Amino acid sequence: MSIIRIPQSWEIPEREATSEAVFLNRRRLLKSAIGAALSPSILAIAGCDSSQTPPAATSYPTYPGLVRNSAFARVDRPITDESLSSRYNNFYEFGTGKSIWSAAQALPTENWKVEVSGLVNRPQTYDLDDLQKKFAIEERVYRFRCVEAWSMVVPWVGFPMKLLVKDVEPRSNAKFVRFTSFYDEKIRLGPKWLVFTKVPWPYTESLRLDEMTNDLAFFAIGIYGHALPKQHGAPIRAVIPWKYGFKGAKSIVKIEFLDRQPPTFWNTIDAHEYDFEANVNPNKPHPRWSQATEKFMGKGPNLNWEKRSTLLYNGYAEYVASLYQT
Ligand SMILES: Nc1nc2c(c(=O)[nH]1)N[C@H]1C(S)=C(S)[C@@H](COP(=O)(O)O)O[C@H]1N2
Ligand SMILES: [Mo]
């Protein structure tokens, strides 16, 4: 089987290589009676003024005394330039293109609270201060792999999920966790056409509890040594480096412990294309392209994709393979 669709896209604008957007566009056109009339506007909605630059890295709060955890910083490729990763994002609440950083500045992050509930003995509502006081904040350098086949390496700031799990004491019947992202229809979140499409907002994702307590699973509150920019999912998002990027819900407001697997955003839209487990696997093609290779976002100032082989579990087999041996 040598039909690989993604390599053809090395040369085309990234929007057209965007599987998730392509999928939603297609579905929108199929489902919406007036979709055809609206279709040219989709690109305009998703876009923004690319002559601007994102807020300077120096405008974000930093973490004095931050220490890189060297046990979780071994990667086989350079750290991606911030000038690239902060301008190439997926955050569908703000558009289907990659240049959503500007639109995402509308996300209201003041007085953020994260509610932790469900099958736990100690339900909690944390604010950002609580999280930083309670859990030791560290830096980790992780590979990151989107299901669309682009990848990067970034230094996250945050804490392992298992610390939070311990703090809330899940009950023995808790088997899954669900993350819910911030959503407010009123502050232009999401392109208008989503109104005509059955999209299961808010964005949710889920892990098995044993995945959540794996050493690698991480809550990020920062990146490149400073607080998370809004386009990366401020003020707190999930990072699960052995899974495709869509598993890492951004701007989390709720964490629930459940006894069964919940429906999730992409899996509800199309379970065939976005399976629940979503482990990075070069041998398991996406229905519309191979996953054997990826395009790596390395050095700036311009996107200059490097083609690389995809690694099983994104290179984290030693940590996670045992979770999937039946
Ligand atoms: N709430 C929310 N979380 C989300 C998404 C989204 O659209 N909405 N996109 C996901 C996808 S597909 C990817 S690849 C990563 C992208 O993270 P980044 O933009 O910080 O690189 O965020 C994930 N988390
Ligand atoms: Mo993604």
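The values are calculated or read from the model by the stated rules, or taken from the named source; none is laboratory data. Predicted model only: the values in this text are computed from it and were never measured. Neighbour counts run over all protein chains shown; Cβ positions are idealised from the backbone, glycine included. Note: areas computed on protein heavy atoms with side chains; ligands, DNA, RNA excluded. Shrake-Rupley method; radii C 1.70, N 1.55, O 1.52, S 1.80 Å.
Here are a few things to note about the model shown:
- Potential lengthening between K198 and A56 on full extension [0.36 nm per residue; Cα-Cα distance subtracted]: 47.5 nm
- Stretch gain in nm, segment R208-L66, where the contour uses 0.36 nm per residue and the Cα spacing is subtracted: 48.1 nm
- Among the listed pairs K133/K299; K113/K134; K98/K307; K134/K186; K98/K295, those beyond 26 Å (Cα-Cα): K133/K299; K134/K186
- Euclidean distance between Cα centres, the stretch 213-289 to the stretch 51-87, Å: 19 Å
- Fully extending the segment from Q124 to Q325, taken as 0.36 nm per residue of separation minus the present Cα-Cα distance, adds 69.0 nm.
- Mean Cβ count within 10 Å, highest first, over the residues of peptides 289-295, 219-225, 301-307: 219-225, 289-295, 301-307
- Rh by Kirkwood over Cα pairs, then Stokes-Einstein D for the stretch 190-297 at 1.002 mPa s and 20 °C, µm²/s: 138 µm²/s
- Prolate/oblate/rounded label for the stretch 55-324 (Cα gyration tensor, a/c 1.5): rounded
- Accessible carbon and sulfur surface of the stretch 112-156 relative to its total accessible area, %, 1.4 Å: 46 percent
- Straight-line reach from K166: taking Cα to Cα under 16 Å and skipping same-chain neighbours fewer than 8 places apart, the aspartates and glutamates in range are E115, D130, D210, E211, D215, E256.
- Taking 7 Å steps out from each Cα toward its Cβ at R171 and L303 produces label points 4.7 nm apart.
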